[in-house]
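For reference, the structure discussed in these notes is given below.
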Amino acid sequence: MKKIYFITFILLIGCGRKDSQKNSPTSEAAPSSARVSTRPPSYELDTAYMQWTAFKTTAKIPVEGTFTQTRWDLKRRVNRPEEFVERAYFKTLTSSVHTGNPERDRTIFEGLFARMIEGKIIEARTASLDTASQTVRIAIRMNGKEVLVPFKYRITGDTLLTAEGSVDLLKDFGAAGPFQSLHEACKDQHTGEDGISKTWTDVDLKAFIKYHQIHE
């Protein structure tokens, strides 16, 4: 009889051990913290600014500048970088023109912008976006006129979108008077080695939109 009780006790212990192993926390199921999100990343805006490039002398020497007082209205977070320029708005005070030379800045404002119609402000907004050709058409308002200007945009990695276009002060905005005033004020500075003074009417524009990627 004692032998029967002993064998029964051993079997109970053995079954108990098997059950405890089944309920052991060392299961092969992966913890929830190790699961990888399948949602696509989004992008959050960091900063935006515009750079312009004008030209002087017959050798077409570039003069670069920007505006320090500018308001940008852009989406703060997007699913694709090009959505930053889908419904963009830009407004700048022309008196904040900045080239790194205060005397030249004053000459540009007083000789050009101050003589334009509504010359204290330049406004721009997105008119259309074509992702297939990577072209965004921007409506720029200056000298009392609004002109549609095509910009080609480029996305660099997960941090930068640039858009480049060009305007002509005479053909696009009819600013002959203000332009001639600027040329006269800069006549000596715009004279090259050939003795010819030239101020070019075309101005290149480049927008920079910086952002970072977010994983959720």
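How many of the residues in segment 128-174 are out of contact with any helix residue (DSSP H, G or I) (no Cβ under 9 Å at 6 or more places or on another chain) and at positive phi? Matching residues across segment 128-174 total 3.
Looking across segment 34-52, the residues that are exposed (fewer than 15 other Cβ atoms within 10 Å of the Cβ) and at pLDDT 95 or above come down to E44, D46, T47.
Every condition in (1) closer than 20 Å to T68 by Cα; (2) crowded, with 18+ Cβ neighbours inside 10 Å; (3) among the acidic types (D, E) is met by E123 except one, and the failing one is (2). If you go through segment 156-171 and pick out every residue that is over 20 Å from F55 (Cβ atoms), aliphatic (A, V, I, L, M) and surrounded by fewer than 16 Cβ atoms within 10 Å (Cβ to Cβ), you end up with 1.
Would you mind listing the strands (runs of 3 or more DSSP E) fully within segment 64-144 where at least 2 residues are charged (D, E, K, R) and either within 19 Å of D168 (Cα to Cα) or at pLDDT below 95 (or both)?
121-130, 135-142
Look at segment 66-86: where a residue is crowded, with 18+ Cβ neighbours inside 10 Å and a partner is part of a strand (DSSP E or B) and polar (S, T, N, Q), sitting 6+ places away or on another chain with Cβ atoms under 8 Å, you get F67/T92; V85/T126. Confirm whether G174 is under 15 Å from A54 (Cβ atoms) and not in a helix (DSSP H, G or I). Here the answer is no, as G174 does not meet what is asked.
The values are calculated or read from the model by the stated rules, or taken from the named source; none is laboratory data. These numbers come from a predicted model, not from an experiment. Cβ sites come from the backbone with ideal geometry, for glycine too, and all protein chains shown count toward neighbours.
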